[in-house]
Each structure stands twice: as structure tokens, then as C-alpha cells.
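Report on the following structure.
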């Protein structure tokens, strides 16, 4: 296309002011506000200019686009005024999918959030005395029931996420001093956040000991000097080192810390509150195990294996937790009433051992045969609904995800799908653009759907979406 022709096409585009004066678009401005409609008009005309520049429009196709400008502006307006954060169906088999929001909340937690958030609450008000209270008490009392283990000297506070918990603990206990940690535990978590970077922000200085694969108790002991303020153990929750390895037991590290009058902190990350061997997962320590082993402060997440809202949780000796609570950083990092409400409701389910009420634990507890029955029922719906979808059922593996239990998998049954006229990637994209979006995965030229992470009431939605795509 010649440059002169492009110039003519550009001149054919109406200005923003002209479009805003047209009856349909001016009506949209009255209904939705001039600012939003003006932004929509600019977005649509900018898209047309880009298409002209790239040679995608000629005079004929531009005229068709101009005839549909009002509809295009209306569609752009709907898109701009709709929610960006949306519910999706997780069919990947990754239970704690970080990109999909990690742990889904229990229905009871959502009901409680609706109740307390739509009205006033006693977040920081003592109903008995009529005086100001502390927001910590709503969950600290439940953590004591679950983690005190006969020890009354255990307390818990909550901040925004586990990185914040680590930052607060290090700043409180080791600001200006040295923290000793094994070189093999200097992990990087999601979003390129690294333990050494968090430590630097806290004001503490890092002292690495041992090697990547082997660290002995003597390495810690030899590194302790008058600048040492803390011993740190970081659980390698998102990777595993195997082969020629060595790591002192946490109880041995705790004994050294007591002997040298130093606090021992463990960053557990995922933070299970129950024995995960009951769910078929091994090698993932829980919070109570760490406290029983002599750890003084444990930091962990609320939205991973605990199955609650995003939160960073610090549990440990009351005197150390009290120091963190009085740190000005705590106020900057504290959580709101919504988090406390969801966390309290989740913890109550643990207290009464209603683990099926916690979606994360429920998903982990599903057997391969249970999942297979759902996969078979869904396959029958698809086979009867359309012949363009070819469906098979194969054995597979679900994973916990979210930086938890990296070497553990759960046996599952998968729907393996192909669609006539569409590649696997095209079918995956069609599912992703469904309402609601369905997120699956592709392997060996097939789209795989794992019912483990799909709520039962969503099976019908998946079947209907695939029928529409076919």
C-alpha cells in the first residue's frame, strides 16, 4: 500500500470530538460519563490507526469499520468498565496455583466476610470492657489451641504475606547484627524475591555457612561471634536437593541456639497445620513439628497449605512475638478485617477437625478413583454432546504447587481432549476465552483437564463450554 493511500485513510478517520457528538455515542456519554466514553473512543480510533499503519485496512474495509464505530465504542466501553479480576476454573491439577490466586477460600469464610465487611465489627473493640482491643486476639486464641501443645508461652501475629513475616522477624531480632543461614537454603521465591534481598532490607547482615549441598552443625557453631543475633533455617519448599547432601536436624540446630543463647527462626513458607502424610504427601514439615523441635519463631503463609487467605503468620515464644508486635513495621504490614475474618473461619474448621470444609485439603484428600468417576461422567456428557470433541481418560499426576511439597505428586485421572479443526493450543485458547475462563494445560498435542482442582458444580460448565467451542 502506498504512503499516499495511507494518508487518505488517516484523513477519513473522524476526530474524537466528531464521534462524541454523534447520537449513539453522546447517549453513551450521558449514561456512563464523558470520561469513560472518551477513553473508549480514543482506544477504538487508535486501534484503527494502528491497523492502517500496518497495512491491514484498505478503503473498503475501513468503511466497514467506520460503519460499525458506534458498536465498537460500546464494546470497548463494556470491556473497560467490566472487572479485570475474575473468577476462573482451574483445570490444571495444580492445587495452589500462584497465578490463579492459590488457595480458594471455604464457603463459610466467604459468608463471614460478607457479614462482617458489610457492617461494623469489633475488630479492635473489647466487647466485655467496652474499651479498645487488639485485632490479634481473633486468631491468636485459635492458633494457641492448634499450636500451643500444652505450652502457654506461644503467641501468633499476622502480616500481609510470608515475605513480610520474614522481614518483620529479621528486623526485630537482628537489625544491625548477623544472621547465620546455610548456603543451600538461600532460596528465590516467586516474582524474583530472594531471601538475601529480604534480609538486606531488614537491616540484618547475612552470613552464609556450609556449601550448596552440605551444611553441618559445626559450620553454624564456628560462624557464631559477638555480632550474631539469629540462626535461620529456610525450608526449601519450592525445590529439592538430592544426592550427596547433608543438613543438621532442626532439633540439633535448636540445641545449639539454646546453648549459645540465640533465637532460632524457621521460615517454613507453606505452613501446614496438619500432618500431610494423611493426605499422601511426605517430606513437608508442619508448624507444630517445628515448635516441638525447639524453634523459637516460625514464619509461614496463610494461602498455601493452611488453605486460608493471603497472610504471613509468625508463631513463637510470646516475648519474641511481643517484640515484633511493638515494631513500627508491624503496623505498616498488618492485615485488615477481611483477612482476619477469613483466617479465623479457616482456623475454626481446623479446631473442630472439619478438614473437608477447607477446599485445599479437600482437593488433596480426593482419591484417584473418585476423580476417575467424575472424569468418566464428564467424558460421557462430551461424547453425547458433540462428535467433534475426541475425549479419552488417562492416568496422570496432580501437584500441590505454590512452593509446597515440590517432590510430591498425587495420582489422578485426566480428561485428554482434541477437537476437530483446532490444534491443542487453539482449543486451550478457546477454553481460556470462555465465560468463565477455563484454564487447562497441553501435553503431547492434547488438552488435559484434571478434575481434582475443578469444583464438582463446574463440571457442567466445562461440558457446555466445550460443546459451544465444537
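Output the relative contact order of segment 3-81, whole-number percent, from Cα pairs under 8 angstrom with separation of 6+ residues. Reported as a whole number, the value is 38 percent.
Quick one: angle between helix 337-351 and the longest Cα principal axis of the chain, in degrees between 0 and 90, rounded to 10, please. Between the helix axis and the principal axis of the chain, the angle is about 60 degrees. Extending each Cα 7 Å along its Cβ direction at residue 395 and residue 258, get the distance between those two points in nm, one decimal. Placing both labels 7 Å beyond Cα along the Cβ direction yields 4.7 nm.
The alpha-carbon atoms of segment 107-357 define a convex hull whose volume equals 138 cubic angstrom per residue. For a test of the definition: using alpha carbon positions, the gyration tensor, and the 1.5 limit on a/c, classify segment 86-169 as rounded, prolate or oblate. Taking the square roots of the gyration eigenvalues as a ≥ b ≥ c, segment 86-169 is oblate.
Taking the longest Cα principal axis of the chain as reference, the axis of helix 69-81 is set at about 10 degrees. Under 12 Å from a point 7 Å along the Cα-to-Cβ line of residue 323: which residues of segment 140-172 have their amide N that close? It comes to 169-172, nothing else. Each principal axis of the chain carries a Cα extent, and these read 84, 53, 51 Å when sorted largest first.
If you line up the long axis of helix 162-174 against the longest principal axis of the chain, both from Cα atoms, how many degrees apart are they, to the nearest 10? Tilt relative to the chain: about 30 degrees. What the Cβ-Cβ distance of residue 216 and residue 98 gives, at R0 = 41 Å and to the nearest 0.05, is a FRET efficiency of 0.75. Here the simple spin-label model places points 7 Å from the Cα toward Cβ, and for residue 278 and residue 80 these points are separated by 5.3 nm. Using a 7 Å offset from Cα along Cα-Cβ at residue 377, what residues in segment 445-470 end up with backbone N under 15 Å from the label point? Of the residues in segment 445-470, 451-464 have backbone N under 15 Å from the label point off residue 377. Rounded to whole Å, the principal axis extents of the Cα atoms in segment 3-81 read 39, 21, 18, largest first.
Rounded to the nearest 0.05, the FRET efficiency derived from the C-beta distance between residue 58 and residue 369 at R0 = 51 Å is 0.30. Rounded to the nearest 5, the antiparallel percentage of DSSP beta bridges internal to the chain is 60%. Ranked by the mean number of other Cβ atoms within 10 Å of their residues, highest first, the peptides 364-373, 166-175 fall in the order 166-175, 364-373.
None of the figures in this text is laboratory data; all of them are computed from the coordinates on show. Note that the coordinates shown come from a computational prediction; the quantities given were computed from them, not determined experimentally. A quick note on method: Cβ atoms are made from the backbone with ideal geometry, for glycine too, and the neighbour counts reach across all protein chains shown.
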